[in-house]
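None of the figures in this text is laboratory data; all of them are computed from the coordinates on show. What you are looking at is a predicted structure, and each value in this text was computed from that prediction instead of being measured. Note that we place each Cβ from the backbone using ideal geometry, even for glycine, and neighbour counts take in every protein chain shown.
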Amino acid sequence: MNTSESIADRIEEVIGDMFAAFRPYESGATEYCMFYDPKKHSSWLIVIFFSDKNDLTRSLKDGICYQIHKYIKEGLDNHLETTNIKSTIFFEPGHRPVEQEKANDLFNSLLKKIQGPKDPVAFGDKKMCGYCGHDLDNHELLFNKKSEEINMPTEGWIACPAEGCNCFQTWSANYKPDQQTEQEPKKSKFNFLNLLRKK
Ligand SMILES: [Zn+2]
Ligand SMILES: [Zn+2]
C-alpha cells in the first residue's frame, strides 16, 4: 500500500468516527468526499456535505462545524500516517459529486478558494473578506461557551452572516494569564482579529 492510500484510509476512518460521534447532535452533515493532487496543491481537501442548506447555516453559526473541524484535525494529528499532512476542511451544501466531471468542478472551485487572496480586500471604504468577498466587518468571531471557563476565549471560528454564505475560518489566540482580566467578550466583531493568529 503506498503512502497516499494509507493516508486516505486513515482520513476516512477519522471522518467515519466523526460522523458516529456527531450523530446524536443531528448536525445535518451527511456525506463527505476528499481530494488530493500534490501537483495542484499540497493539502488534502476534505469536504463535509450538508444536504439541507439551513442545517449548514445553523451548524456554521452554532459551532457544530467548528467542533467537526476540531474533531477531524485532532483525529488526524493523533495518527502516525496523518499527523504531518496538510489538510483543509470545507463545509458545503448539497451532495458529494458522483460523476467525475462534477468532482473535477468541485475540486477546482475548492482550489480557487484556498489559492485566492486571504487578506481582506479594500473596497471603497469597506473591506471585503478574502475568502467569500462579503463585507468583512459583518463577520462574527464566535466561540463556544465552554471557553468561558477562562475569562477570554482562546479559540473559535468566524462566520459570515450573508445569506447562504458558508465562509468558515478558525481562529486561535494565546493570551498571557495576566491579560485574561479584560472585559468578558460575548461576541466580538472582526477587529478583534488583530489579536488573533489564524490557523
Ligand atoms: Zn460571506
Ligand atoms: Zn468571509
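For Thr88 and Glu13, FRET efficiency with R0 = 22 Å and r from the beta-carbon atoms, rounded to 0.05? For R0 = 22 Å, the calculated efficiency reads 0.75. Go through region 1-76 and name the GluC sites (Glu not before Pro) that are in a DSSP coil and have 16 or fewer other Cβ atoms within 10 Å of their Cβ. Taking region 1-76 and a limit of 16 other Cβ atoms within 10 Å, the loop GluC sites (Glu not before Pro) found are Glu26.
Extension gain for the segment Ala103 to Glu26, taken as residue separation times 0.36 nm less the Cα-Cα distance, is 25.1 nm to one decimal. Over region 3-115, all Cα pairs binned in 10 Å intervals from 0 give whole-percent P(r) values of 14, 46, 35, 5, listed from short to long. Antiparallel beta bridges, as assigned by DSSP with both residues in region 3-115, represent about 45 percent of the total such bridges. Pairs from the table (Lys40/Lys61; Lys40/Lys86; Lys73/Lys126; Lys40/Lys102; Lys73/Lys102) lying more than 22 angstrom apart at Cα are Lys40/Lys61; Lys73/Lys126; Lys73/Lys102. For region 74-128, the list of trypsin sites (Lys or Arg not before Pro) that fall in a loop by DSSP and count at most 16 other C-beta atoms within 10 angstrom reads Lys118.
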